[in-house]
Amino acid sequence: MRERRRFFVANWKMTRTPSAAAELARAMAALARPAGVDIAIAPSFPALDRVRAALLGSGIALAAQDVFHEREGAFTGEVSAAMLKDAGVSLVLVGHSERRLLRGERETDFARKMARLAEEGLAPLYCVGETQREREAGRTRDVLRTQLGALDGFAVPPPGLALAYEPVWAIGTGLAATPELAAEAHAHLRAELAARFGEPVGRATRILYGGSLSPASAPGLFAKEEVDGGLVGGASLSVSDTTAVLAAAAAPRA
Ligand code: PGA
């Protein structure tokens, strides 16, 4: 069985002007890229072109933080999958908890977004994860299953699909999930994928962990066979933290 390659995805959220993002991207492009780890950076929309130019020749892929669920038309302020593709994007975050919580987006929206991405050949990184309250109520597995409902309309998985398990209580809190807890959630997600799309898809799909990944938390999380990499917010804005997290991602698995 071929091992899943590790994947480091930087989510720069609504930080960094295009100039500052280009400068940070140049620093990231200059890092030694560890063998066996794929890297993508998701800056804000206005920074995409500057970051694309900064990453040329680095082997680091350009990602976007969101996409609109319609193809084209009178949707002021929205960005389409075709626009992202033309801008050089290859991976798009879908379903981030900040979109779910702040913008009220739901599985039906995410299903449509992933359909638009599939039409353009862009890979979705579909984010799922429970809140503290849901975990305390023992509802984590049900919540994750419901969130995977965004894939209900797909007979085969969207091309390039990867998942990010991001427990909401771990995002930006400095309180990463324990490796055991993350591995358990990932195994559950993998079983759900296998039930939907068959064992080979379940085995081959990369499942990243996200939520306060840092030089301190990354080694334990990445030691888990189930954890295929990270969706990294805060630490991805620091070159030294990114270097350390990448080194942990490149270390052999348990
Ligand atoms: P964090 O964010 O690493 O700052 O917790 C992760 C994310 O929201 O993707």
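With a cut-off of 8 Å between alpha carbons and a minimum separation of six or more residues, what is the relative contact order of the chain in percent?
20 percent
Going from the alpha-carbon gyration tensor of the range 96-235, what semi-axes, largest first and in whole Å, does one get by taking the root of 5 times each eigenvalue?
23, 17, 15
Add -39500 (n - 2.57) for each DSSP H run of 4 or more in the chain, then divide by its residues: what number comes out at 222 nm, to the nearest 500 deg cm²/dmol?
-11500 deg cm²/dmol
Beyond 34 Å, what share of the Cα-Cα pairs of the range 6-250 is found? Please give it as a whole percent.
Taking all Cα-Cα pairs of the range 6-250, the fraction more than 34 Å apart is 10 percent.
Distances longer than 21 Å among the Cα atoms of the range 61-165: what percent of all pairs is that?
Pairs farther apart than 21 Å: 33 percent.
What are the semi-axes of the equivalent ellipsoid for the range 118-188, taken as the square roots of 5 times the Cα gyration tensor eigenvalues, largest first, in whole Å?
Each semi-axis is the square root of five times an eigenvalue, giving 25, 14, 10 Å.
If you roll a 1.4 angstrom probe over the protein chains with everything in place, what fraction of the accessible area of the range 6-250 belongs to carbon and sulfur, to the nearest %?
Summing carbon and sulfur atoms, their accessible area is 54 percent of the total for the range 6-250.
Excluding same-chain residues fewer than 8 positions from K85, which lysines have a Cα within less than 23 Å of its Cα?
K13, K113
Quick one: compute the contact order of the range 75-197, relative version, from alpha carbon pairs under 8 angstrom and 6+ residues apart, as a percent.
Computed value for the range 75-197: 26 percent relative contact order.
Work out the length of the dipole vector of the range 6-250 about its Cα centre, built from +1 on the beta-carbon of each Lys and Arg and -1 on the beta-carbon of each Asp and Glu, and round it to the nearest 20 debye.
Magnitude of the dipole: close to 240 debye.
Can you give the accessible area per residue of the range 1-86, in Å², using a 1.4 Å probe?
Value returned for the range 1-86: 53 Å² of accessible area per residue.
Leaving out ligands and nucleic acids, and using a 1.4 Å probe, what accessible area per residue does the range 120-245 come to in Å²?
In whole numbers, the range 120-245 has 38 Å² accessible per residue.
Where in the chain are the helices, taken as whole DSSP H runs, whose Cα atoms extend 18 angstrom or more along the long axis and whose Kyte-Doolittle mean reaches at least -1.0?
107-120, 179-197
Within the set of other residues whose C-beta is less than 13 Å from the C-beta of N11, count the net charge using Lys and Arg as +1 and Asp and Glu as -1.
After counting each charged neighbour, the total is 0.
Just the C-alpha atoms of the range 1-131: what Rg/Rh do they give, with Rh taken as the Kirkwood radius?
Answer for the range 1-131: 0.97.
The values are calculated or read from the model by the stated rules, or taken from the named source; none is laboratory data. The model shown is predicted, which means the values in this text are computed figures rather than measured ones. Quick reminder, even Gly has a Cβ in these numbers, built from the backbone with ideal geometry, and neighbours come from all protein chains shown. These accessible areas exclude ligands, DNA and RNA; they are computed on the full protein's heavy atoms, side chains included. Shrake-Rupley method; radii C 1.70, N 1.55, O 1.52, S 1.80 Å.
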